Amino acid sequence: MKKLIYFFFAVFLAHAQQEKTSKTIESIFNESSMVFSGQVIDKQSYWDINYNRIYTVHKIETFNFFKGESTNFLYFITEGGTIGLEGMISSNKIRINRNSKGYFQLLESSNIQLDGFDLDTKLYTLTDKHFGFLEYDNFTNQ
């Protein structure tokens with residue numbers, strides 16, 4: 001429960017720093033299929049099956065679930081990435097590094113299929129590009 005309070009406090013602080021947003025934190029939470037804390041343990045970029053866009057798949061080890069069905073690992077995607085000598089930069093891309101820890105608010109993404117990635121594995125996207133991921137540092141408690 002204490003971590004949930006920290007989560008909402010962190011979301012409130014991030015919200016206060018935004019100039020304008022049309023969504024409230026409560027609406028983003030309600031829209032999300034999954035809300036949990038976790039750590040990115042792996043990243044890999046893939047082409048979509050039509051070879052039009054590159055997406056980066058982040059493998060997350062999950063810790064505490066606040067919404068959604070509990071599982072040990074989840075995969076979410078962001079636009080952009082690098083494959084070999086080719087890359088794609090997206091203005092919608094949020095930078096999330098390997099070993100990043102924090103709170104994730106995700107939606108199931110059923111319409112994106114990636115070349116070379118298991119089609120049976122569920123992929124998720126961030127519910128909101130500002131509040132979909134809030135990084136948390138255990139060392140500084142910030």
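The values are calculated or read from the model by the stated rules, or taken from the named source; none is laboratory data. What you see is a predicted model, and the numbers here were worked out from it, not measured in a lab. Glycine also receives a Cβ, built like all others from the backbone with ideal geometry; neighbour counts cover every protein chain displayed. Quick note on the areas: whole protein, heavy atoms, side chains included, nothing else; ligands and nucleic acids left out. Shrake-Rupley method; radii C 1.70, N 1.55, O 1.52, S 1.80 Å.
Which of the numbered conditions does D120 fail, given that it passes all the others? Conditions: (1) open to solvent by 70 Å² or more (accessible area, probe 1.4 Å); (2) touching a residue at least 12 places away in the same chain (Cβ under 8 Å); (3) among the acidic types (D, E).
(2)
For the range 74-84, indicate whether the set of residues that are open to solvent by less than 20 Å² (accessible area, probe 1.4 Å) and part of a loop (DSSP other than H, G, I, E, B) is non-empty.
Yes, the range 74-84 contains a residue that is open to solvent by less than 20 Å² (accessible area, probe 1.4 Å) and part of a loop (DSSP other than H, G, I, E, B).
Can you work out which of the residues in the range 62-73 that are open to solvent by 70 Å² or more (accessible area, probe 1.4 Å) and either part of a loop (DSSP other than H, G, I, E, B) or among the charged types (D, E, K, R) (or both) is nearest to F29 (Cα to Cα)?
E69
Filter the range 86-115 down to the residues that are at pLDDT 80 or above, in a loop (DSSP other than H, G, I, E, B) and surrounded by 11 or more Cβ atoms within 10 Å (Cβ to Cβ) and list them by number.
Hits for the range 86-115 are I96, R98, S100, S109, I112, Q113, D115.
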